[in-house]
Every structure is written in C-alpha cells, then in structure tokens.
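The values are calculated or read from the model by the stated rules, or taken from the named source; none is laboratory data. Everything numeric here is computed off the predicted structure, so don't read it as measured data. With ideal geometry, Cβ positions are generated from the backbone for all residues, glycine too; neighbour counts draw on all protein chains shown. We work out accessible area using only protein heavy atoms, side chains counted, and drop any ligands, DNA or RNA first. Shrake-Rupley method; radii C 1.70, N 1.55, O 1.52, S 1.80 Å.
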Amino acid sequence: MTPHQQFSAINTRGFTLIEVALVVVLMGIILGPVLHLLAAQREKDKVLAHLESRQRILESVEGFILATGRLPCPAAHTHGTESRSGDACTFKEGWLPTATLASWGISGQWKMAVATLEHAGEPAQNALVSTQPFAQLSPQQLTEIVMAPYTASYAVGTGPLPAIHLCQVVQGHPMPTNLQAGCGGHTLLNATTVWLAYPAQDPANNNRYQQFFINPDQPAANPVWLSFERLNWLWMKRGALDTQHIQEN
C-alpha cells in the first residue's frame, strides 16, 4: 500500500469515527426531549388514571349513601364486601369494599377508613354507619357532635371532635404518629372528614384511621374523602327523594 493509500485509509477511518460520534450526539439531542416527553406523558396518564379512580370511588360511595342512608364499612380483604358486626363496622380501617360499592374499574388497590364516632359515646357511637342512623340521634344532634370545635391539645379522635382529621403535608416536618394530637407540624385542611379512601401503596397514610395526609407534590397518590357537611347534604337529598317517591305513589 502506497503512502497515499495509507493516508486515505486512515482519513476514511477518521471520518467514519467522526460520523459515528455525530450520529450519537444527534440521537442524544433528538431522543432526549422525546424521552422526557414520554416520561412526562406517563406521569400525566398516571395522574389522570388516579383522578378518574377517585371520582369513581366518590360516586360509588355517594350512591351507596343515597341508597342506604349510611357510610360503608371497610372490607377485610381486597375487592371484598364490607365487614360489619350488627350496626357497627368490624374495622375502622381496612380495604375499600369494591364488591359492596360495585366500584369496579378503578386503578390500583385502595384502603379506607371511616369515622365511627366511638369517642362521642352512646348513642352517637356508630351512628354514621348504622342501618338506622337517626333511630336515636336526630341529624341536628349528629351535626352538633361532629361539628363541635376541635381542640388541638387532644389526641386525634379523643377530643371534642370525633371525626377524622385531613392534613396537608408541609415539607421538612416529620409525620406525626397516628395517636398524636392534631396534624403535628402540618396544615389541618378538614376537621370533619367522616370517610376516606387512599391508595394502598401510599406509605404516609397506610394503617392510619384518625388522621390522613395530602401531599401536593404527589397528585397521583392522594386520598379521596367525604366531609360531614357533604354527608349531611346527601342525607337531605335522600330525604327529598324518599318524599318524592311517596308522593308519586
């Protein structure tokens, strides 16, 4: 091989390496934003699926209340029926009773908690889940119990307010234990939550039943809840529907 041919071969090989390097750089430039968009789309789809599941769950629960007049109880097993003992829930916290609620098609596995009002004492105890919620207490009496001013110095669920506390996460503050007073260093969002469901894989809320947390930075993992004010509105709507049904017949 002549010197000229050797130089041409080296030169050709050099251009080939440069071309490969350029291709790699160009692929990085082109694929980088594409991969970022795909990741963002996957996260968006995850959030949308979660929001749709929350809506389906809430609609199922509200439909259940309109049909029965009470809150559903937790199930002992995934996708099971609610677990009840007479007029009371067997558990305060457990699995979402998808079989009872007929809330099929939701994304992921969900757990739930319900306010049993056990610290309100009789006859208010279990009134929200009883088959006859107004047998011993009127709606006005229930309202006075659940809407009583909460006292932050009491452990959650043991003070004047017997409902569930819903808190918003404040970064930098530790999560309080389940029996610690109030929301700890976090923000109290709702002090009259009576029913709540959350994704089973959410470590912040797992196995809680008196206080739950919403994290604005994790929209695909936040719970869905029902306040006593909303429950009261559903009770009034149910009463209006019953009255209309009686009049029509």
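Given R₀ = 51 Å, FRET efficiency for residue 118-residue 30 by Cβ-Cβ distance, to 0.05?
Working: r = 61 Å, r/R0 = 1.20.
Computed FRET efficiency for residue 118 and residue 30 comes out at 0.25.
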Within the set of other residues whose C-beta is less than 11 Å from the C-beta of residue 223, count the net charge using Lys and Arg as +1 and Asp and Glu as -1. +2
Label model pair residue 218, residue 59: point-to-point distance (7 angstrom along the Cα→beta-carbon line) in nm is 2.7
Say each of residue 76 and residue 107 gets a label point 7 Å from the Cα, pointing the same way as Cα to Cβ; how far apart are those two points in nm? 3.2
Just reorder 236, 112 by solvent-accessible area, largest first, 1.4 Å probe, all chains present. 236, 112
Run the simple label-point estimate for residue 66 and residue 171 please: 7 Å along Cα→C-beta, distance reported in nm. 4.1
For region 66-152, calculate the relative contact order in percent as a whole number, restricting contacts to Cα pairs under 8 Å that are 6 or more residues apart. 26
